[in-house]
Amino acid sequence: MTDLANAESTEVPVPPTTRKDWSSNQEVRWCPGCGDYSILAAVQMLMPDLGVRRESTVFLSGIGCAARFPYYMNTYGMHSIHGRAPAIATGLATTRPDLDVWVVTGDGDSLSIGGNHLIHALRRNVDITILLFNNQIYGLTKGQYSPTSEVAKVTKSTPFGSLEQPFNPLSLALGAEASFVARTHDMDRKHMMETFRRAHAHRGASFVEIYQNCNVFNDGAFEGITGKDHRVDMLIPLVHGEPIRFGAEGEHGVVLHRDGSVEVVEVADLGELALLVHDEHRENPGLAFQLSRLSRGPHEPTPIGVFRDVERPEYGAQMAQQIEEATDRRGKGDLDALLRSGSSWTVE
Amino acid sequence: MSDTTTDPKPHQQLHRVVIRFAGDSGDGMQLTGDRFTTTSALWGNDLATFPDFPAEIRAPAGTLAGVSAFQVHISDHDISTPGDSPNVLVAMNPAALKANLAILPKGAAIIVNVDAFEERNLAKADYETNPLEDGSLSAYTVYEVPMTSITTEVCKDAGVKPRDAERSKNFFALGLISWLYTRPIEVTIGWIGEKYAGKPLVMEANLRAFKAGYHFGETAELFESSYGVKPAVLEPGEYVNITGNTATAWGLIAASVRSGLPLFLGTYPITPASDILHELSKHKQFGVRTFQAEDEISGIGAALGAAFGGALGVTTTSGPGLDLKSEMMGLAISLELPLVIIDVQRGGPSTGLPTKTEQADLLHAMYGRHGEAPLPIVAARTPSHCFEVTVEAVRLAVKYRTPVIVLSDGYLANGTEPWRLPDMDGLPTIEPDFAAGPNHTDADGQAVFWPYVRDEQTLARPWAPPGVPGLEHRIGGLEKADGSGNVSYDGVNHEKMTRLRAAKIAGIAHDIPPTDVDGEDGAEVLVIGWGSTYGAIAAGVERIRARGYKVDQAHLVHLNPFPADLGKVLGRYRRVLVPEVNTGQLSRLLRAEYLVDAISFTQVEGVPFRAEAMEAAILRQIEGVAAGSPGDPGVDGMATSHGKASD
Ligand code: SF4
């Protein structure tokens, strides 16, 4: 029996690598100044740290600017069709538990055409790491509004403004039973690397939203919160076990009200003890959901970091376990026995 | 035979008999037919079955829309169809009688559950008068049997409530027919005991009903004689009775074992393909992974992802699902990865006739993708043939790194026939032959791996699942440069790649058997078909030959590419007749490919052809040749004589 999944020799230590080892020889073709470059750099720089093998790493994508990502990684990769990468990843990850499977997608790719595959991959808790580049616009097709574009957004396809309520990607992921949900942004390499590291370490489906600037069709969409001068007052770093607070002096904080809602307050007004202590591992996703909606858009203080990280059985492992149990119970499959499993008769 | 009592009634031997069990969907007719079939198979008859059930899970009880039927043809010799016309109709209610009367030849026997012929049921079936009383059935032999009342009566002292007891009346019918055709009863009794072991009351009721039916036949004054159908002389070997869907599932498992590739099925439930999923999900000890996806696209997408990882990726579907999978098939063609797509065809377009058979997806399979996107197509011709064809599809997919479509249909999927178990060592070898190392030297003299370097003979590219150091590569749906596989927008390269992909598929013609012609010297008419029309065509050809005429039959398993010699074969005949359960799809392909004046003979009534209609259609061609007239002129010069028209 060919057993690729177990072919990898685990004894041989992973040889040390550098960023260069993880970069393919293909010329990177995003628009100059695109946020995708810094995300690519963060991933390529993180890889040597993860202690993983290039040959056991796969990047999968659908269609869109972000979807070019696999071509630039010197790993196995597939640039597939629009929205379908989570489905393809499901087949790959469940048959090859030995692989690290990454899905790179965008807001159009996985919240519009591929929405169904995204939510179901999260629900099943397939062992994949999903990086969603959210630039709130269609880039590759040259500037139509996306499912994360704000209401009234004027684009090529909405000259009078978009009428549509946008998706909140984190709320959606949490509603889809995701076991790992995080947010980061393209202006902070360190934060990206740390967030990706956590997402990679999580067993099951990890979902990371990355605020990404499309400097051609939606320039500055996140500038008001991710810009160097704004960050300190507009980004709320979530740290497990710590009170949620931000600002140069930690003067702002987040409190939980009795009705379950959360709010940004001044620490001086309510005192440090009133602040909500972040708990990534809370079974109930309710509070993470509230935090995901603390900000109504990238113009208000917005939490970043890991919102939720809980343990839940991983789909491929469970599938493998059923196979193992069936084999233990009935013995390894025997074709002759299978063909005779109904009533057979013999003609002399 | 049973050891109950000696049969006092006369006994006659028959060569063959066609029985049709019909009742309300809730009456358990499929089960009844299935049990009768199993017993007959074990008895040694050759047989063919045709389950015919409504799309609605439960149409209102007693209505015409809710009638479910199961036809079985048993014989003491080799047969190929479930029979044109039933010799016996078992009708559990007025609707079942009405819905099936049209196909019943005069003189046939009708056994009715007379208890069900009361006012309410007659009204539901739109009968103004009781057909049992108004003389409208005078051309038939009608047996009125109070099935419901006897069943409730015999269950009375078993503690079964009358309402529950009534539900066992199908076992009464089974018992009665088992007596009438001298079936051994031990098999059924044993089966009831096993099946209902957990429900002692149901078991008791069914047993009592079954035995009561059997004894009723023996003792009641109604039946003058019982009949026997001797075992058929079949080739020696071990047999099972098998449906097309089971044969397909087993073929996939066999191909997985044979190739050493772990089987991954990504699929979405759809009639009439779901049973393949059900069957495969039972056999996890073979390492089978079944994934019930969120939709059809995800089903094939996951299968393709598994194939990328080095598994045997398979998806199963029916027409509407095939539409949805088209884009992913295009990707698989572009990625040149092995993938098997099983399309169990049903009536279309759109939702169409979900439970009725049709073979109208051939052109979809052939052309239903954007761009130049050829892939191999194979089709099964009988239920058991699904096994062999599935294995062949896997062979082609793996060897040529391509998606392959298997065409089955509702008739094959649910129909059964005895299948002589094949020798597993006789199955073709399927060698994954994964890439093991670099296959190209780059400009710097470095040994590198190029994903689109082709095998000179097959034109297949290397299959290099992740996990092997040095073979890291990226592939995608964008056009690739010949060899390196890097993204290429170059027009000349695109032309080259388009022709390479086409040549790879076309080349398969030399890797498949030549056209299999069942021929006689001097025949001037060839009947050529594909898929589930095989049985009906064979039966029609047999009738024609029995009348002393000559006719040849060919049945295509490979529909793309066609066997290399097909053009020559077609050229040998004055007339080429192409019967299909569509409006002429293979005939169009043959005309386009070989400039042959293929004469189309078609019907789309949701049921297989009848041997009688086939016989008439063939005869017309033979007579046409004799008269020296050209082929049937049809609309716009296309010869399209229709099944109905020739009856
Ligand atoms: S269009 Fe926008 S997202 Fe796409 S590459 Fe250019 S800047 Fe980046």
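The values are calculated or read from the model by the stated rules, or taken from the named source; none is laboratory data. Everything numeric here is computed off the predicted structure, so don't read it as measured data. All Cβ positions, glycine included, derive from the backbone under ideal geometry; neighbour counts span all protein chains shown.
For region B:509-561, list the strands (runs of 3 or more DSSP E) that sit wholly inside it and hold at least 3 residues that are under 17 Å from B:ARG620 (Cβ atoms); which are they?
The qualifying strands (runs of 3 or more DSSP E) are B:525-530.
Annotation note: Cβ proximity below 9 Å between a residue of region A:122-145 that is within 16 Å of A:GLY62 (Cβ to Cβ) and within 14 Å of chain B (Cβ to nearest Cβ) and a residue that is within 14 Å of the ligand (Cβ to nearest atom) and modelled with pLDDT under 95 (sequence gap 6+ or interchain) occurs for no pair.
Conditions (1) in contact with a helix residue (DSSP H, G or I) (Cβ under 6 Å, 6 or more places away or on another chain); (2) polar (S, T, N, Q); (3) on the phi < 0 side of the Ramachandran plot; (4) modelled with pLDDT of 90 or more, marked per residue:
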{"residue": "B:LEU595", "(1), (2), (3), (4)": "no, no, no, yes"}
{"residue": "B:GLN603", "(1), (2), (3), (4)": "yes, yes, yes, yes"}
{"residue": "B:GLY624", "(1), (2), (3), (4)": "no, no, yes, yes"}
{"residue": "B:GLY631", "(1), (2), (3), (4)": "no, no, yes, no"}
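Give me the residue from region B:477-491 that is of a type in the set (A, V, I, L, M) and in a loop (DSSP other than H, G, I, E, B) and, out of that set, farthest from the other protein chains (Cβ to nearest Cβ).
Going through region B:477-491, the residues of a type in the set (A, V, I, L, M) turn out to be B:478, B:481, B:487.
Filter once more, keeping what is in a loop (DSSP other than H, G, I, E, B): B:478, B:481.
Working: B:LEU478: 7, B:ALA481: 11 Å.
Applying the filter and picking the extreme gives B:ALA481.
For region A:41-66, give me each residue that is more than 14 Å from chain B (Cβ to nearest Cβ) and hydrophobic (A, V, I, L, M, F, W, C). Hits for region A:41-66 are A:ALA41, A:ALA42, A:VAL43, A:MET45, A:LEU46, A:LEU50. In the set B:ASN113, B:ASN45, only one residue is more than 23 Å from the chain's Cα centre (by Cα) and farther than 25 Å from B:PRO272 by Cβ; that residue is B:ASN113.
Those helices (runs of 4 or more DSSP H) of region A:188-302 that lie entirely within it include none in which at least 1 residues are under 18 Å from the mean Cα position of the chain (by Cα), over 26 Å from A:CYS31 (Cα atoms) and of a type in the set (Val, Ile, Thr). Residue count for region A:301-339 satisfying the condition of being more than 7 Å from every other protein chain (Cβ to nearest Cβ) and among the aliphatic types (A, V, I, L, M): 6. Evaluating A:ALA67 against the criteria (1) of a type outside the set (S, T, N, Q); (2) over 20 Å from B:ASP295 (Cβ atoms); (3) over 15 Å from the mean Cα position of the chain (by Cα) leaves one unmet condition, (3). Scan region B:520-541 for residues that are more than 21 Å from B:ALA379 (Cα to Cα) and either in contact with a strand residue (DSSP E or B) (Cβ under 7 Å, 6 or more places away or on another chain) or at pLDDT 95 or above (or both) and the total you get is 4. What are the residues in region B:279-297 that are within 7 Å of chain A (Cβ to nearest Cβ) and within 14 Å of B:SER256 (Cβ to Cβ), if any? B:HIS283, B:LYS284, B:GLN285, B:PHE286, B:GLY287, B:ARG289, listed by residue number.
Buried (at least 17 other Cβ atoms within 10 Å of the Cβ), in contact with a strand residue (DSSP E or B) (Cβ under 9 Å, 6 or more places away or on another chain) and either modelled with pLDDT under 95 or among the aliphatic types (A, V, I, L, M) (or both): does that describe A:LEU273? When the stated conditions are applied, A:LEU273 does not pass them. Would you confirm whether any residue within region A:313-332 is over 30 Å from B:LYS282 (Cα atoms) and surrounded by fewer than 18 Cβ atoms within 10 Å (Cβ to Cβ)? No, region A:313-332 contains no residue that is over 30 Å from B:LYS282 (Cα atoms) and surrounded by fewer than 18 Cβ atoms within 10 Å (Cβ to Cβ).
Taking the condition of being in a loop (DSSP other than H, G, I, E, B) and closer than 20 Å to B:TYR400 by Cα, how many residues in region B:439-476 meet it? Write out each step before concluding.
Going residue by residue through region B:439-476, those that are in a loop (DSSP other than H, G, I, E, B) are B:439, B:442-446, B:449-451, B:453-473.
Still in the list and also closer than 20 Å to B:TYR400 by Cα: B:439, B:449-451, B:453-466, B:471, B:473.
Looking only at that region, the number is 20.
Residue by residue, here is whether (1) farther than 28 Å from A:PHE69 by Cβ; (2) away from the ligand (no atom under 16 Å from the Cβ); (3) surrounded by 14 or more Cβ atoms within 10 Å (Cβ to Cβ) holds:
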| residue | (1), (2), (3) |
| --- | --- |
| A:HIS202 | no, yes, yes |
| A:CYS214 | no, no, yes |
| A:PHE217 | no, no, yes |
| A:GLU223 | no, no, yes |
| A:VAL232 | yes, yes, no |
| A:HIS240 | yes, yes, no |
| A:GLU249 | yes, yes, no |
